[in-house]
Amino acid sequence: MKPIVKTETLQTLNETDLNKFDGDYDIFSVDSSFRTSEYALTFSKKFNFKSLPRTNDRINLQSIDSKHLKVTVFKNNKAIKTKIIKGHISQNYFQFSLTTIRPFYFIVNGFATQKTELGC
């Protein structure tokens, strides 16, 4: 969720440490990615150029168990999207895949898949 500075290192992460992700995060990515946090974590865009994230807009992550994170998108301090993501720990990252159906493009390519890794 934030880039590693040269003086920092990636923290060791095992299946009992998923609660290290618990907390609130900004919508905008702070790395070189063009994706916003709500898109990377829910595979849906809740913010666009007409409704850019404001001060009270954020993402909340909460660990459920060793394989599940609960993602909640807040807009004006109200939850507008909640999603449970399932993944696994591999090489100090929580890795997960999200799939969505694109109804207008169903004939050509109805499914879109995104793979994401979270580190701390």
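Yes/no per residue for (1) in contact with a Leu (Cβ under 8 Å, 6 or more places away or on another chain); (2) of a type outside the set (A, V, I, L, M, F, W, C); (3) at pLDDT below 90:
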| site | (1), (2), (3) |
| --- | --- |
| Thr42 | yes, yes, yes |
| Ser51 | no, yes, yes |
| Leu61 | yes, no, no |
| Asp65 | yes, yes, no |
| Phe74 | no, no, no |
| Gly87 | yes, yes, no |
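Kindly evaluate Lys78 against the criterion of being modelled with pLDDT of 90 or more and out of contact with any strand residue (DSSP E or B) (no Cβ under 9 Å at 6 or more places or on another chain).
Working: modelled with pLDDT of 90 or more: yes; out of contact with any strand residue (DSSP E or B) (no Cβ under 9 Å at 6 or more places or on another chain): yes.
Yes; evaluated as a whole, the condition is true for this residue.
Would you mention how many residues in region 60-84 are of a type in the set (A, V, I, L, M) and closer than 15 Å to Phe96 by Cβ?
5
The values are calculated or read from the model by the stated rules, or taken from the named source; none is laboratory data. All values reported here derive from a predicted model rather than from experimental measurement. Here Cβ is always computed from backbone atoms with ideal geometry, including for glycine, and neighbour counts include all displayed protein chains.
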